[in-house]
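Where a number appears in this text, it was derived from the coordinates with a stated rule and is not lab data. Here the structure is a predicted model, which means the values were calculated and not measured. Heads up, the Cβs are rebuilt from the backbone with ideal geometry, glycines too, and the neighbour counts pull from every protein chain shown.
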Amino acid sequence: MAGNDWLSTRRTELAADRILDAAGELFATRPPGSVGMHDIAQAAGCSRATLYRYFENREALHTAFVHREAHALHHRMVEEINGIEDPSRRLVAGFLTSLKMVRESAALRAWFSTGDAPIGAEIAEQSDIIKAMSAAFVVSLGPDEPESVDRKARWLVRVLTSLLIFPGRDDEDERAMVEEFLVPIVTPGVTPAPRRTGQPAQGQAAQ
């Protein structure tokens, strides 16, 4: 019985992957928001009834696709920065590598296009799985308080999706922003100087 259960589960995973592969081919050429379940079923060579057996709606399929691609990207990024021990250098390398990998993937790049609703940013913001991967990256930079890890992880996701939607002028501009603004805040042991109580905010004249 256990063997049959395992086989059934494995077949389900293979079928779901086949559907997501077909969806990825469509996402690489068309805005994700314009790809319907009928299109995906046709590309995967299955009926809509079969498609809905694995994914109850388009939102569920979108989430599954982004999670699968994010897992793969995360593992590739970790492999690329393996051996970089300095927290600041590891942060810069990991962040910029992730940015580059998303942009190099036609199936993922479209999720952050300004010409269409940036569905990828919305999924990333709401996904506990993506936040968990981001938190694991923050922890790899050094010891930190759990509450701080959570905030930094959520902020890294927001900064990454922001640059995917609104890129910097060029690679050097983005690297400079990461080194100037991300490193002092995210790298353990380096925090911005607190503003004194009553001190006017930047750009606000003192009364």
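Does the stretch 110-164 come out rounded, prolate or oblate, given a ≥ b ≥ c as the square roots of the eigenvalues of its C-alpha gyration tensor, rounded meaning a/c under 1.5 and, failing that, prolate meaning a/b above b/c? The shape class here is prolate. Under 5 Å between amide hydrogens, built in the peptide plane, is the criterion, and for Arg30 it picks out nothing among residues at least 5 positions away or on other chains. Whole-Hz Karplus values for the stretch 166-174 come out as 10, x, x, 4, 6, 4, 5, 5, 5 Hz, taken residue by residue from phi with 6.51 cos²θ - 1.76 cosθ + 1.60 and θ = phi - 60°; glycine and proline positions read x. Rounded to the nearest 20 debye, the dipole magnitude of the stretch 58-186 is 300 debye, with +1 charges on Lys and Arg beta carbons, -1 on Asp and Glu beta carbons, and the Cα centre as origin.
As a ratio to 2.2 N^0.38 Å, the alpha-carbon radius of gyration computed for the stretch 58-186 takes the value 1.01.
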